[in-house]
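Just so you know, all these numbers are worked out from the coordinates, no wet-lab data involved. Predicted model only: the values in this text are computed from it and were never measured. Ideal geometry is used to build each Cβ from the backbone, glycine not excepted, and the neighbour counts take in all protein chains shown.
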Amino acid sequence: MAANGGTKAIVAALAANLTIAVLKFVAFFLTASSSMLAEAIHSVADSGNQLLLLIGGKRARKAASAEHPFGYGRERYIYAFIVSIVLFSVGGLFALFEAWEKLQHPHAIEGDFWWVPLAVLIGAIVAESFSFRTAIIESNHVRGKQGWVSFVRTAKQPELPVILLEDLGALLGLVFALVGVSMTLITGNGIWDAAGTGMIGLLLVAIAVVLAIETKSLLLGESATRDDVARISEAIEAGGHNRIIHLKTLHLGPEELLVAAKISVGASQTGRDIAAAIDGAESRIRTAVPMARVIYLEPDLHREVGQRTDGVSGTGQVSGAGHISAEAGSQDAQA
């Protein structure tokens, strides 16, 4: 549902931005407004970003291979990171450069088409509002009780936070452009147009930095959420015979989770008993957290703190001596 919701939000944003970009370029050619040019480039950058997100989503669905045994789920993170770079360079830096140029040579908006940028900007605000509304609705399906800041910072699906921030930035940028163009028309001073362009550039740079930081964390590899970790722990220990010695999780992609745990077993348990316990724990984990696609559970003897198999007092809960050499693992690519 999260992937489908993200795709729907991307398509809605792409349709809005392509239409708006054409109108903004027309307004720029008729009025030579730097705010309109900055906004037109902004819409082109956003459209390119949405295409990148669609490509990343498609490539992430490739089946695992011998070279990439854990699949291609992180392709979505890579393309989201590229989006932040495009937004920073093509959108933000271009707008700042254009603002600087306009400050050096300000000029008023003249001609019979002075009303065109106002009409385009107001229409663009309406169109972007519908796109932003779609992103909010789709995000609400997956964010639960989280606040919006927390959702952007912790979401494992990169598409929705990216579209949310892009649409928010687009709306704020349109407001900046509308103020700049309106004040230029009222005062006849092109400095206002340059100021609006500069504000658009600063806004895009700020959003790009936030996206880069968050997607960098996803690329490095994030663990499951606290709720998912709690459900996994409960599932492992639900059998009553196993205790978790340590547990690690890693997102292989937005909807793919790797679970690795060392669990305690009784000294009197046979190999058959241990294998049955591990199979049961894996089944319970997948029921509790369906995105847990790759699970590795390693059995070990549980020893109290200070106890060692050689009879010498120690300080660790688990020592190497007496370690059961059997290791059970499972990778269910079809789960």
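Remark: spin-label model distance Val175-Ile137 equals 2.3 nm, labels positioned 7 Å along the Cα→Cβ axis.
In the chain, the DSSP beta bridges split such that about 55 percent are antiparallel, to the nearest 5. Be a star and scan region 57-71 for residues whose amide nitrogen sits under 13 Å from the point 7 Å along the Cα-to-Cβ vector of Gln146. Flagged as within label range: none. Calculate, for Thr287 and Leu51, the FRET efficiency according to 1/(1 + (r/R0)^6) with r their C-beta to C-beta distance and R0 45 Å; round to the nearest 0.05. Efficiency at R0 = 45 Å is approximately 0.75. For region 97-254, calculate the relative contact order in percent as a whole number, restricting contacts to Cα pairs under 8 Å that are 6 or more residues apart. Across region 97-254, relative contact order equals 29 percent.
Under a Gaussian network description of the chain, with springs only between Cα atoms under 10 Å, the residue in Ser34, Ser65, Ser223 that fluctuates furthest is Ser65. Here the simple spin-label model places points 7 Å from the Cα toward Cβ, and for Ile125 and Ala63 these points are separated by 5.2 nm. Relative to the longest principal axis of the Cα atoms of the chain, the long axis of helix 159-187 lies at roughly 20 degrees.
Arg226 to Phe97: FRET efficiency via 1/(1 + (r/R0)^6), r the Cβ-Cβ distance, R0 45 Å, to the nearest 0.05? The formula returns an efficiency of 0.55 here. Place a point 7 Å from the Cα of Ile244 along the Cα-to-Cβ direction; which residues of region 273-288 have their backbone N under 17 Å from it? Counting only backbone N, you get 278-288. Projecting the Cα atoms of Thr154, Ser35, Leu51 onto the charge dipole of the chain, computed from C-beta unit charges around the Cα centre, puts Thr154 farthest toward the positive end. Its relative contact order, with pairs defined as Cα atoms under 8 Å and 6+ residues apart, puts the chain at 18 percent. Please give the helix 94-104 orientation as an angle from the longest Cα principal axis of the chain, in degrees from 0 to 90, rounded to the nearest 10. Approximately 30 degrees, to the nearest 10. With 25 Å as the limit, the listed pairs Lys156/Lys248; Lys145/Lys262; Lys216/Lys248; Lys62/Lys156; Lys58/Lys145 have Lys145/Lys262; Lys58/Lys145 beyond it between alpha carbons. Taking the Cα atoms of region 97-214, the ratio Rg/Rh between the radius of gyration and the Kirkwood radius comes to 1.08.
Evaluating 6.51 cos²θ - 1.76 cosθ + 1.60 at θ = phi - 60° for every residue in region 231-237, the Karplus couplings come out as 5, 5, 4, 5, 5, 5, 8 Hz, glycine and proline recorded as x. Of the peptides 163-171, 118-126, 288-296, 38-46, the order by per-residue mean of other Cβ atoms within 10 Å, starting with the highest, comes out as 38-46, 163-171, 288-296, 118-126. Determine the equivalent ellipsoid of the chain by diagonalising the alpha-carbon gyration tensor, then write out the semi-axes as square roots of 5 times the eigenvalues, largest first, rounded to whole Å. Equivalent-ellipsoid dimensions as semi-axes: 56, 18, 15 Å.
Here the peptides 156-162, 84-90 are ranked by packing, the mean other Cβ count within 10 Å, and the order with the highest first is 156-162, 84-90. Using the Cβ-Cβ distance between Thr19 and Gln104 with R0 = 41 Å, the FRET efficiency computed as 1/(1 + (r/R0)^6) comes to roughly 0.80. Considering only Gly201, Gly147, Gly92, the mean-square fluctuation computed in a Gaussian network model of the chain, springs between alpha carbons under 10 angstrom, is largest for Gly147.
Between 0 and 90 degrees, rounded to the nearest ten: what's the tilt of helix 75-86 against the longest Cα principal axis of the chain? For 75-86 against the chain, the angle is about 30 degrees.
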